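Note sheet for the following structure.
The values are calculated or read from the model by the stated rules, or taken from the named source; none is laboratory data. If you're wondering where the values come from, they're calculated on a predicted model, not measured in any experiment. When we count neighbours, we look across all protein chains shown, and the Cβ atoms used for this are built from the backbone with ideal geometry, even at glycine. Just so you know, the surface numbers come from the protein's heavy atoms only, side chains and all, with ligands and any DNA or RNA stripped out. Shrake-Rupley method; radii C 1.70, N 1.55, O 1.52, S 1.80 Å.
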Amino acid sequence: MISAPRTATERTKLPYCHESFHNLQELRHSASLANKVFIQRDYTDGTVCKFQTKFPSELDSRIERTLFEDTVKTLNNYYAEAEKIGGQSYLEGCLACLTVYLIFLCIETRYEKVLKKISRYIQEQNEKVYAPRGLLITDPIERGMRVVSLQSLEMTIEISVYEDRGSSGSSSGSSTTSSSGR
Amino acid sequence: MITRKVTRKWEKLPGKNTFCCDGRVMMARQKGVFYLTLFLIIGTCSLFFAFECPYLAVHLSPAIPVFAVLLFVFVMAMLLRTSFSDPGVLPRALPEEANFIEMEIEAANGNVMAGQRPPPRIKNVQINNQIVKLKYCYTCKIFRPPRASHCSICDNCVDRFDHHCPWVGNCVGKRNYRYFYLFTLSLSLLTIYIFAFDIVHVVLRSVDSGFVNTIKETPGTYPFIWAPEPLP
């Protein structure tokens with residue numbers, strides 16, 4: 001059963017900090033107001049999950065138009081694939097109903113699989129395309145599929161050390177404050 | 001070894017929900033009516049299994065109680081799934097997004113004279129060549145997507161909000177609509193099934209030993225006898 005999201009603040013990975021931080025640390029951003037751009041949903045084709053590919057003017061100097069549009073179009077394609085109703089989703093539904101939905105303790109629905117693919121894609125895009133340009137895309141699932149937010153990385157980052165639930169080692173990273181970006 | 005408590009998202013969720021089992025269970029605050037629902041379903045079914053099923057299994061077929069058990073398990077599973085799952089709560093806007101939307105609204109509305117009511121915050125979007133008005137939620141600070149609504153009992157905006165069901169102890173929205181529908185459907189089936197076999201049971205016993213004796217012998221029918229009494 002998909003329950004309420006359980007992780008704390010957004011887990012973001014910055015490539016140039018990757019060597020010094022490992023998954024024990026959470027990053028907390030304190031960004032100033034004008035540093036975020038929000039891409040809204042595109043409802044022209046109905047209520048299916050789709051984001052506007054219109055290039056926001058604030059990003060004019062930050063990233064190439066084609067790269068941005070490619071990212072949003074790929075995201076839209078992934079969401080269309082996730083919401084597609086076909087043979088597999090029909091079988092899944094019938095099987096789940098027959099097993100009183102206990103089957104979802106063992107297998108993942110198609111939608112969840114595609115959502116995982118999407119978050120891997122966003123992470124990869126952040127590492128390869130957006131972080132080198134000082135930007136960061138957030139996964140829209142964290143905002144209830146309402147917006148895709150793009151934030152600038154020019155801000156102070158406060159790093160706090162938390163022990164990860166799964167790790168049992170006594171390694172501890174140091175707590176530092178640094179400013180990243182250009 | 002540093003052990004610091006990891007803060008879960010549900011601990012910080014604004015809104016009047018209660019959580020159990022480390023966030024796996026999400027319910028509304030008032031659960032009294034939900035406990036009543038549980039009591040009614042389990043109570044009537046256990047009366048049926050205790051008093052009617054032995055007779056029916058012997059005199060008619062053992063498949064009758066088996067099917068009743070399966071149906072009962074299905075009803076309980078759907079009820080628990082509806083009550084405990086997230087109905088599709090929309091996360092509230094973070095401060096940056098709220099400010100961004102405020103600026104958009106101000107740009108659209110212009111200046112408002114002091115003392116005058118500000119115009120209602122509405123955004124028009126075109127969905128499949130039809131203009132739909134999206135309303136602004138003052139609590140969550142977002143423009144609600146189409147078919148989303150704010151539940152005042154749980155203090156959350158819920159996607160494809162149907163209603164807040166006190167019997168189930170949770171809102172019914174996009175993510176638990178399927179389970180709620182299956183719950184009501186299967187509960188109706190279970191009720192009709194139990195009622196039908198109650199009547200069959202009383203009839204069969206009456207054929208054997210007479211109607212009045214049957215009522216005396218079957219405690220399970222007492223609720224049905226007492227029920228008509230308050231009526232004039």
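The range A:70-110: Rg/Rh from Cα coordinates, Kirkwood Rh?
With Rh from the inverse mean 1/r over Cα pairs, Rg/Rh is 1.14.
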Item to complete: Report the residue, chosen from B:N129, B:N156, B:N176, that carries the largest GNM mean-square fluctuation when chain B is represented by alpha-carbon nodes joined by springs under 10 Å.
Response: B:N129
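Determine the gain in length on full extension of the stretch A:Q123-A:V48; use 0.36 nm per residue of separation and subtract their C-alpha separation, reporting nm with one decimal.
Extra length from A:Q123 to A:V48 when fully extended: 24.7 nm.
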Practice prompt. Using a 10 angstrom cutoff on alpha carbons, build the Gaussian network for chain B and name the most mobile of B:P95, B:P87, B:P62.
Written response: B:P95
Item to complete: For B:W167, enumerate residues with amide H under 5 Å from its amide H, sequence gap 5+ or separate chain, H modeled in the peptide plane.
Response: none
Worksheet item: So what's Rg/Rh here for the range B:127-171, counting alpha carbon atoms and using the Kirkwood radius for Rh?
Response: 1.05
Worksheet, complete the sentence: What helix-only [θ] at 222 nm does chain B give? Using -39500 (n - 2.57) per DSSP H run of at least 4, over all residues, to the nearest 500, the answer is -15000 deg cm²/dmol
Discussion item. What lysines does B:K9 reach when the alpha-carbon gap must be under 20 Å and sequence neighbours fewer than 8 apart in one chain are set aside?
Written reply: A:K13, A:K116, B:K141
Item to complete: Would you be so kind as to identify all helices of chain B, as entire DSSP H runs, whose Cα atoms reach 27 Å or more along the helix's own axis and whose mean Kyte-Doolittle hydropathy is at least 1.0?
Response: B:63-84, B:177-209
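Would you kindly state how much longer the chain becomes between A:K73 and A:E108 on full extension, computed as 0.36 nm times their sequence separation minus their alpha carbon distance, in nm to one decimal?
10.1 nm
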Fill in: Two-site FRET efficiency, B:E11 against B:R178, from Cβ-Cβ distance with R₀ of 35 Å, rounded to 0.05
0.80
Fill in: Separation of the B:L80 and B:Y136 label points, Cα + 7 Å toward Cβ, nm
4.5 nm
Worksheet entry | Area of B:F211 that stays accessible when all protein chains are in place (1.4 Å probe, Å², to 10) | 120 Å²
Response to the item:
The rounded separation in angstrom of the Cα centers of the range A:69-141 and the range B:1-72 is 31 Å
Worksheet item: Averaged over peptide A:139-145, how many Cβ atoms belonging to another chain are found within 10 Å of each residue's Cβ?
Response: 4
Practice prompt. Go ahead and run the numbers for FRET between B:I192 and B:N124, Cβ-Cβ distance against an R0 of 41 Å, rounding to 0.05.
Written response: 0.30
